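First comes the structure, then the notes that go with it.
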Amino acid sequence: MPETTGDTSEPREQRGEAAARSGPEAVTEQSDATESRLYEAFLAHFSRGQSQVQAFIRSLVHDRSSADDVFQATSLALWRKFSTFRADAEFVPWALGIARNEVLHHWRSRRRDRLVFSEAVLTQLADVALSVANEVDPRQAALEACIEKLPERQRQLVTLFYGQQLPAETIAVSWDRTVHAVYKALKVMRRNLMDCVDRTLAGNP
């Protein structure tokens, strides 16, 4: 009887084909996971800094509709460029620099309007506003520091409710909680933040 040699060529080929199939899929999954983490980090920063970005834009673009358009353009630019943001840097100054460029772009698009100043004057106005906006507000700084100290669940609530501006009903569904429970969590979170800010400003963080 011929001796069985145990040919394993077919299983090896199958394993090779499986590896070839799973390779791109694995890379895609890893890429999706990385982008998801990046987006979560962006939302955490953006939810805390968007009011300052919006205030900066409205201080330079007085037409409400135009200011909203510039803010939307700035928000998109911030997300597109967030991969270049250094983790050890301050988000708001970085975001305001991008908002400044979007404001200048908006002004340049209105160059045919005789009420629009020269390029040099517009740039100077934007730079002065940027300098003022970058001045540290002690209460705002304390609030940002206190948000970082919140438990993870409460930080997530800040992002969902204030950053993404999701209604309590939507959060309740995603958390499998009642709407009442979400409002109660918001109340507890606000109280914790207020107490923390007051202690920080009093020198007892």
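Values for this structure:
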{"quantity": "Prolate/oblate/rounded call for the range 136-205, Cα gyration tensor, a/c under 1.5 rounded", "calculated": "prolate"}
{"quantity": "Order of Glu40, Glu144, Glu102 - criterion: other Cβ atoms within 10 Å of each residue's Cβ, fewest first", "calculated": "Glu40, Glu144, Glu102"}
{"quantity": "Inter-label distance, nm, simple model (7 Å from Cα along the C-beta direction), Tyr162/Arg80", "calculated": "2.9 nm"}
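None of the figures in this text is laboratory data; all of them are computed from the coordinates on show. Since the model is a prediction, treat every value here as computed from it, not as a measurement. In this analysis, Cβ positions are derived from the backbone assuming ideal geometry, glycine residues included, and neighbour counts consider all displayed protein chains.
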